[in-house]
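Step one of this worksheet: look at the structure below.
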Amino acid sequence: MNSVTQNKDCAVRFLEMVTIGAIDDAYNLYVNMKGIHHNMFFAAGFPMLLAAMKENHVAFPHKRLEIVHMIGEGDMVVVHSRLMPEPHKNEYAITVHIFRFAGGRIVELWDCSQKIPAHIPNTDGPF
């Protein structure tokens, strides 16, 4: 298995584990805690993002994630996924999670999300 495939597998497992609430385990297995994230809504550093993910899991313990597309090249993996925070509620399109890996661990993370409105004019949809 090459490093791009390994990084893609790590990105998927990380997102799946975080979604089900195994957040500490996900960070222990896949994140270099000295790395950085670019989520503008939380203070810098992976420890702060980890805490925010735990708070989110308390608020939305039944969320589901469906990965729609994934691209890997070099040390980067991009994941486009659909997130349902609560069953039968508004869905969010997680337009991108961008991971940068070093030594088999996530060292940098970007994430952007966009709420899907109830009625959208684009018949192609978000996915």
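The values are calculated or read from the model by the stated rules, or taken from the named source; none is laboratory data. Just so it is clear, the structure is predicted and the values come from calculations on it, not from any experiment. Quick reminder, even Gly has a Cβ in these numbers, built from the backbone with ideal geometry, and neighbours come from all protein chains shown.
For every residue, the table says whether it meets (1) of a type in the set (Gly, Ala, Ser); (2) farther than 27 Å from PRO126 by Cα; (3) part of a loop (DSSP other than H, G, I, E, B); (4) without any contact (Cβ under 8 Å) to a residue 40 or more places away in the chain.
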residue: GLN6; (1), (2), (3), (4): no, yes, no, no
residue: PRO47; (1), (2), (3), (4): no, yes, no, yes
residue: ILE67; (1), (2), (3), (4): no, no, no, no
residue: VAL78; (1), (2), (3), (4): no, no, no, yes
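Quick one: would you say ILE36 is part of a strand (DSSP E or B) and not basic (Lys, Arg)? So ILE36 fits the description; yes.
The single condition among (1) at pLDDT 95 or above; (2) surrounded by 15 or more Cβ atoms within 10 Å (Cβ to Cβ); (3) of a type in the set (D, E, K, R) that GLU16 does not meet is (2).
Need pairs with beta-carbon distance below 8 Å; first residue within 17 Å of MET40 (Cα to Cα) and within segment 85-107, second at pLDDT below 95 and among the hydrophobic types (A, V, I, L, M, F, W, C); sequence gap 6+ or separate chains. Close Cβ pairs (under 8 Å, with a partner that is at pLDDT below 95 and among the hydrophobic types (A, V, I, L, M, F, W, C)) amount to ILE94/LEU65; ILE94/LEU83; ILE94/CYS112; THR95/CYS112; VAL96/CYS112. Checked against (1) surrounded by fewer than 17 Cβ atoms within 10 Å (Cβ to Cβ); (2) touching a Pro at 6+ places or on another chain (Cβ under 7 Å); (3) in a strand (DSSP E or B), ALA93 passes all but a single condition, namely (1). LYS54 satisfies every condition listed in (1) in contact with a helix residue (DSSP H, G or I) (Cβ under 8 Å, 6 or more places away or on another chain); (2) basic (Lys, Arg); (3) closer than 17 Å to SER81 by Cα; (4) modelled with pLDDT of 95 or more except (3).
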